[in-house]
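The values are calculated or read from the model by the stated rules, or taken from the named source; none is laboratory data. Only a predicted model underlies this, so the values are computations on that prediction, with no experimental measurement involved. A quick note on method: Cβ atoms are made from the backbone with ideal geometry, for glycine too, and the neighbour counts reach across all protein chains shown.
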Amino acid sequence: MDTEQGFIPDYIIILVLIMGSFGVMGGGLIAPALPAIAEAFQVSEGNIGLVLSLYTFAAAVSLPFIGYFLDKIGRRKVGLTCLFIDGIGGLVIILAPNYAILLIMRFLQGIGIAGLIPVAMTIFKDLFVGDEKLKLMGYLTGAISIGAVIIPSLGGFLASIDWRFVFAVYGLSLILGLIFLFKLPETSPLINSNSGDQVNSEIENSPLEYFKSLLDIFKISKIRNIMIHSLTIYFMLYALITFLPIYLVTGHGFSEFFSGLAISLQGLFSAILSSRASFIAKYLNWRQRSTLGYLLIGICFILLPFWPNSSYLVSLSFIIYGAGMGIVSPTIYNRATELPPPEISGLVISVFNTMKFIGMTLSPFLLGLILIFTELEAIFIGVGIMAFSWGFYTLKGYKKE
């Protein structure tokens, strides 16, 4: 495939997409195995959640530093390091003698997994521009959505055999890392150019100034708003993932299996629409695409309380949500790669992904508190109104831009 830096074999692009899809293996793959892990290590229900929360915490706090190294030493070295940390951490857990060692490895895995999507985004930013970059961002978010569909089912299947098999899947990161070790070129234009040597030397000598430059960048409304987009999208996604299964089982009488299918269905339609991002962009600008996506997400949530009881028509909400996510997600991912200056693009993209983890964390916590005083139906309507409001603000707001 022809890129801004010459010809890159198609299989390398595919492997970068696979690396991005590995970025969603931290929680979805492990969640079905939690009961078996708790039994194996004699851990209470209250403490087994640390297997997931330590991972998300490590990811959130490490991402800004991953961004720093993306800009300082390049995409290739950071990508390889993240893949090897992820793979080795997972395989060590198979042999973990106690729960403490397992948690330490999960913390390290959080650091490794956290970098996979930012590295993929940054590589595509380096190699492509315009519609071609948007197309690749669509493929990336599509791959992430497909991963979100397949990985929980794979985790459940493997956990039903032995919980250790779930962590064996992380060995794939080592295989991918070995391929990249010999085949993936460095794509950072600043590192690959003479002028880049000077820029990176300044970064190396003054890391505090480097991070200070990020604070200056956040004063730009365009970048500040794109960070809020990241938080908002994943706040709403985890509102769906957290509370939809409960609603379907307790409110509609569906099985847990159907709940899993519902989440997979939205992921499937998200992947389909994401892969068509460049086609949709021919007819709508980024504001219009974002607004359309948020409106569809809002419609999904608003409709949820009004479907007939125990009716499979509720599946339409999942399809609508997937379509909305498939439109807005690649749009925002692409926007996050366009706005920052080249010398700190890795840092900005990593903080963009940090906001994603913050949204994932805040959603079940805040909405769970609200649920104490209200019903699930009110939660869904509230999130729907939030989606409508942010969508219209995206279309009409940003006066300073």
inquiry  = Would you confirm whether or not segment 316-336 contains a residue that is without any contact (Cβ under 8 Å) to a residue 12 or more places away in the chain and either part of a helix (DSSP H, G or I) or buried (at least 24 other Cβ atoms within 10 Å of the Cβ) (or both)?
reply    = no
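Grab the helices (runs of 4 or more DSSP H) fully contained in segment 1-55, keeping just those with 2 or more residues being in contact with a Leu (Cβ under 8 Å, 6 or more places away or on another chain).
Correct list: 10-22, 34-41.
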remark   = Picked from segment 21-66 (must be in contact with a Phe, Trp or Tyr (Cβ under 9 Å, 6 or more places away or on another chain) and under 16 Å from Ser173 (Cα atoms)), the residue modelled with the highest pLDDT is Phe22
task = Give the residues of segment 26-72 that are out of contact with any Gly (no Cβ under 8 Å at 6 or more places or on another chain) and among the aromatic types (Phe, Trp, Tyr), sorted by residue number.
result = Phe41, Phe65
inquiry  = Pull out all pairs, ordered by first then second residue, where Cβ-Cβ is under 7 Å, the residues are six or more apart or on different chains, the first lies in segment 374-392 and is farther than 18 Å from Leu248 by Cβ, and the second is aliphatic (A, V, I, L, M) and modelled with pLDDT of 95 or more.
reply    = Ala387/Ile297; Phe388/Leu295; Gly391/Leu295
request  = Please verify whether segment 339-353 includes one or more residues that are of a type outside the set (D, E, K, R) and within 18 Å of Gly391 (Cβ to Cβ).
outcome  = no
query = Any idea which residue in segment 38-64 is surrounded by the most Cβ atoms within 10 Å (Cβ to Cβ), counting only those that are small (Gly, Ala, Ser) and closer than 19 Å to Phe352 by Cβ?
reply = Ala59
ask   = On the given criteria, is Gly391 at pLDDT 90 or above, part of a helix (DSSP H, G or I) and either of a type in the set (D, E, K, R) or closer than 23 Å to Ile320 by Cβ (or both)?
value = yes
inquiry  = Between Ser259, Ser264, Ser290, Ser278, which is surrounded by 22 or more Cβ atoms within 10 Å (Cβ to Cβ), part of a helix (DSSP H, G or I) and at negative phi?
reply    = Ser290
remark   = Looking across segment 374-395 at residues that are polar (S, T, N, Q) and exposed (fewer than 15 other Cβ atoms within 10 Å of the Cβ), the single one that is farthest from Leu284 (Cα to Cα) is Thr374
